[in-house]
2 protein chains.
Amino acid sequence: MAARAGGQGGKQPTINDVAALAGVSKKTVSRVINRSEFISEKTRKSVQQAIDTLGFVPNPQARALAFRRNFLIALLHDNPNAQTVLNFQQGVLDAIKDSDLALLVRPVDRGSDKLLDDVRLFLEKQRPIGAMLLPPISENDDLAKLCGDLGVRYVRVGSAPLDDARHCVSSNDREVVAEAVGKLIALGHRRIGFVRGPAGFRSAAEREEGFRAALAAAGLSLPDELYAPGNYRYTAGVEAGEAMLSLKEPPTAVFVSNDEMAAGVMSVAHGKGLSVPADLSIIGFDDSPTATHIWPALSTVRWPIREMGSRAARTLVADFLGSSAKAADDENPVMPSTFIERQSVAPPRG
Amino acid sequence: MAARAGGQGGKQPTINDVAALAGVSKKTVSRVINRSEFISEKTRKSVQQAIDTLGFVPNPQARALAFRRNFLIALLHDNPNAQTVLNFQQGVLDAIKDSDLALLVRPVDRGSDKLLDDVRLFLEKQRPIGAMLLPPISENDDLAKLCGDLGVRYVRVGSAPLDDARHCVSSNDREVVAEAVGKLIALGHRRIGFVRGPAGFRSAAEREEGFRAALAAAGLSLPDELYAPGNYRYTAGVEAGEAMLSLKEPPTAVFVSNDEMAAGVMSVAHGKGLSVPADLSIIGFDDSPTATHIWPALSTVRWPIREMGSRAARTLVADFLGSSAKAADDENPVMPSTFIERQSVAPPRG
DNA sequence: GTTCTAAAAGACACCGGTGTCAAAAGCAAG
DNA sequence: CTTGCTTTTGACACCGGTGTCTTTTAGAAC
C-alpha cells in the first residue's frame, strides 16, 4: 500500500537518499539491492528498512547503463497469428509479473533482406537480457546465432526441438497429430484428406509427418488428390475444400493443418450441402477461438502456447540469474499439445 | 548496409569516439544528435561525417538516464481481444518504425484494486515518453489523470471521444451502427433483436445508442424480449440466441454487439435448423477474423483499429517532438468505422 | 594484548549521454 | 583597431546506479 512513502520532495528517492538514511555508502545499498553475499545481516536489515521507509525503487535506466543490460525481455515475431502472439505474451507476463522485467515487443519482417541488420540494431540498442523467437522466425538459424553473438540469451519456440534444451521450448505436435488422425482411422475412415501448411514452415512439416505416420501405421496411403497445399489462411482452406469435395470419390474426413483453413473447408462443405460431421469429419490445429466460433465446433489440437510463453520467460530469467538456473533446467522443454474432441468428427457414413 | 562500419574494437563507438574523431567536444556531438539549432552548418557536417564513419548509435540507456525519459511508448491494455490488441500494435509499429522508439507492452488487470499503483509503478520505472490506453481501460479517468500527473503523455482509444483531441483517438461507432441497422430496416425488417456488450463499457453503450437511434428514426420500438445482455463472449451470444430464437415470434434480424457473440447466435440458428440469412439476418461488430471464418460470412462493422494505433503513436511522437506537433494536431482524431456487407443479411421472409 | 586473516564497508572512477554556464569566435559599428 | 553584441563551442558537473580496489572491522589464533 505504501507505494510512495517518504515522497516529501515529489521526487523519487535515489540510492543516495537511502544510503544517507541508513548511514552507509551507496555501494552498500547497491549490494543489498543486488543481493550480494558479502554483507552482514545487520546491515542488510537496516538498509532494507531505509529502502522500505523511503519507498525506494532503483532507477532501471541507471542500472541499465551501469550493467550494460536492460531489464527487458524482447519478443520477436512475424505475426503468424494474432491469437498465438498474444497468448504467448500472456504466458510471458505470467512468468515475469513479479520480477523487475518488462516485455518489449518487436514484430519483424521475415521476408526482408535487412532482417538480420534490423534485429542486430534492435538488440544492440535495447540490450534486453534475453529474446524469444516465435515461429516461423524461430526456425532461422542465423537469427539465433546473431543473438548468441551479441550476448543476448535467446529461446526459440517451435513445434519440435530446434536447438539444445537451454535455447528451446517446443511442443510435440507430430505425436499428437498422429494420435488425432489415429482416432479418425479407428472410427473407420479410410479416405482421409490432408491440407498442409506453408512450405518452409517447420510446424507444417511436423504436422504432415504426424499425419503420414498415422496413415502408415494403419497401412493406408495418401492419394495425390487428397493432398492439398496451403498457407494457414482461410482462403487456402476454401480452395482445398473446393478441390477435394468436388472429387468423384471425396474424402470422408480431413485433417487440416490449422483452424483457420479448417474453417474454410467447413464453409465449403456447408455450401455444398454436406453435413459436418456426418458427411465429412474435420480436424483442425491450434484451438484458436475460431474453433469454437464455428458450427459445429471444431475438433482440434490445442497448442500450449501460453504455457510455452511462461516457460520461455522462465528459462531466460533463470539463465540470467545464473546459479539458480537449475530450477528451469530441470523442466522438460517439450510442452504437450493435446487433442480436443468437439463436434466435427464422427464415423463415416454407411 | 554499413550497419557497423568502424567496429574495430568489437565495442560500440561512444560519443567520445565521435568527438575525438571530429575534433570537437562531446557536447557538440550531442547537439548534432539532438538537432540543436545553435550549431554551425560546417561543424554539423563534420560531426555527422564522423558519426557515419564510426557507425555511431547513441546509447539509449545513457540518454534515458540523462533525459529522465526512456524512448519507449507503452501500450496498456486489458486484453479485451487478441486481434484488437495485435492489430493496434501493428498500427503503432507502422508509425514508429523509422523512429528511435520501441514499444513496451503492458497488460493490466482492470479489476485489480491495485490497478493504479501497478500502473504508477510501471510508468515511474519505465518512464516512457507516452502511453496508449486501449479500451476498456481507456475509459478509466483516474488512469488518464495518473499519466498526466506523472508527466507521461497519453492517448485514450475509444469508440467515441473520451477526452480532448490531443489525448484521444476514437471511431464513430454510433453513426455506423445506426447506418447498418438502418439498412436492415430498409430491407423490411421490423422485429430486430439486439445483443448488448458488457455493462460499463463505453463501446457497448455507443453501439446500443446507435441501434436505438436507427429504430427511433424508423418509428420502431425495441420490445424487452428482443433485448439481450451480453459480455462480448461467444457463450453470451449462444444464450441470447437461445432466448430470442425460442420466442413465439422470433426476430427476423439481430444486431449483435461483436462478432464473437454474433458467431454464437449464428450457431444457435444453425442448430435450430434456421437458415442464415433467409430466416435470420445477423450483423456483428469488429470485423474480426471470425467474421469471415464462419458460414455464411458475417456482415459486420470494421473498426479501424490498426489505423487508430498509427494515429495514437503519431500523436504521442508529435507531442514529444514538440514544435512539429502541428502535423498531428491537424488530423482529425476520429477515424471512421465502416459497415461491411457480407452474406448474413437478406430481406425478411414472406 | 597482539597478530593475522577473512569478511564487510567504503572511496572513487565509470557507464554514455545531457544541462548549465562560462569562454571563445565571428561580425557590425565606432 | 577596439568595442559590444550575438552566435558557437567547450568544461565540467550530473543523471543514478555498478565495478574495482582499498580500508576498516571482526573474529580466531597465538
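The values are calculated or read from the model by the stated rules, or taken from the named source; none is laboratory data. Since we're looking at a predicted model, the values are computed, not measured. With ideal geometry, Cβ positions are generated from the backbone for all residues, glycine too; neighbour counts draw on all protein chains shown. We work out accessible area using only protein heavy atoms, side chains counted, and drop any ligands, DNA or RNA first. Shrake-Rupley method; radii C 1.70, N 1.55, O 1.52, S 1.80 Å.
Are any of the residues in the stretch B:109-120 polar (S, T, N, Q) and over 20 Å from B:Arg153 (Cβ atoms)?
yes
Looking at A:Pro223, is it within 14 Å of chain B (Cβ to nearest Cβ) and at negative phi?
no
Name every residue in the stretch A:56-97 that is small (Gly, Ala, Ser) and in contact (Cβ under 8 Å) with a residue 40 or more places away in the chain, in order of residue number.
A:Ala64, A:Ala74, A:Gly91, A:Ala95
Anything in the stretch B:273-298 that is more than 10 Å from chain A (Cβ to nearest Cβ), open to solvent by less than 20 Å² (accessible area, probe 1.4 Å) and of a type outside the set (A, V, I, L, M, F, W, C)? List them, or say none.
Across the stretch B:273-298, the qualifying residues are B:Ser281, B:Gly284.
State all residues of the stretch A:33-66 that are surrounded by fewer than 21 Cβ atoms within 10 Å (Cβ to Cβ), of a type outside the set (Ser, Thr, Tyr), more than 14 Å from every other protein chain (Cβ to nearest Cβ) and within 11 Å of DNA strand C (Cβ to nearest atom); if no residue qualifies, say none.
Within the stretch A:33-66, A:Glu37, A:Phe38, A:Ile39, A:Glu41, A:Lys42, A:Arg44, A:Lys45 qualify.
Among the residues of the stretch A:67-105, write down those that are of a type in the set (Lys, Arg) and at the interface with chain B (Cβ under 7 Å from one of its Cβ atoms).
none
Hey, any hits in the stretch A:69-86 for a residue that's over 18 Å from the mean Cα position of the chain (by Cα), of a type outside the set (A, V, I, L, M, F, W, C) and either on the phi < 0 side of the Ramachandran plot or within 14 Å of DNA strand C (Cβ to nearest atom) (or both)?
Yes, some residue in the stretch A:69-86 is over 18 Å from the mean Cα position of the chain (by Cα), of a type outside the set (A, V, I, L, M, F, W, C) and either on the phi < 0 side of the Ramachandran plot or within 14 Å of DNA strand C (Cβ to nearest atom) (or both).
Could you say whether any residue in the stretch A:264-275 is in contact (Cβ under 8 Å) with a residue 12 or more places away in the chain and under 20 Å from the mean Cα position of the chain (by Cα)?
The answer is no, given that none of the residues of the stretch A:264-275 is in contact (Cβ under 8 Å) with a residue 12 or more places away in the chain and under 20 Å from the mean Cα position of the chain (by Cα).
Working only within the stretch B:24-38, note down all residues that are near DNA strand D (Cβ under 7 Å from one of its atoms) and either modelled with pLDDT of 90 or more or touching a strand residue (DSSP E or B) at 6+ places or on another chain (Cβ under 9 Å) (or both).
B:Val24, B:Ser25, B:Lys26, B:Lys27, B:Thr28, B:Arg31
Checking B:Val18 against (1) within 14 Å of another protein chain (Cβ to nearest Cβ); (2) open to solvent by less than 30 Å² (accessible area, probe 1.4 Å); (3) of a type in the set (A, V, I, L, M, F, W, C): exactly one of these is not met. Which one?
Among (1) within 14 Å of another protein chain (Cβ to nearest Cβ); (2) open to solvent by less than 30 Å² (accessible area, probe 1.4 Å); (3) of a type in the set (A, V, I, L, M, F, W, C), the lone unmet condition for B:Val18 is (1).
Being open to solvent by 50 Å² or more (accessible area, probe 1.4 Å) and without any contact (Cβ under 8 Å) to a residue 24 or more places away in the chain narrows it down to one residue among B:Leu116, B:Leu121; which is it?
After ruling out the rest, the residue left standing is B:Leu121.
Over 17 Å from the mean Cα position of the chain (by Cα), open to solvent by 60 Å² or more (accessible area, probe 1.4 Å) and facing chain A (nearest Cβ under 9 Å): does that describe B:Asp142?
Considered against the rule, which asks whether it is over 17 Å from the mean Cα position of the chain (by Cα), open to solvent by 60 Å² or more (accessible area, probe 1.4 Å) and facing chain A (nearest Cβ under 9 Å), B:Asp142 comes out as no.
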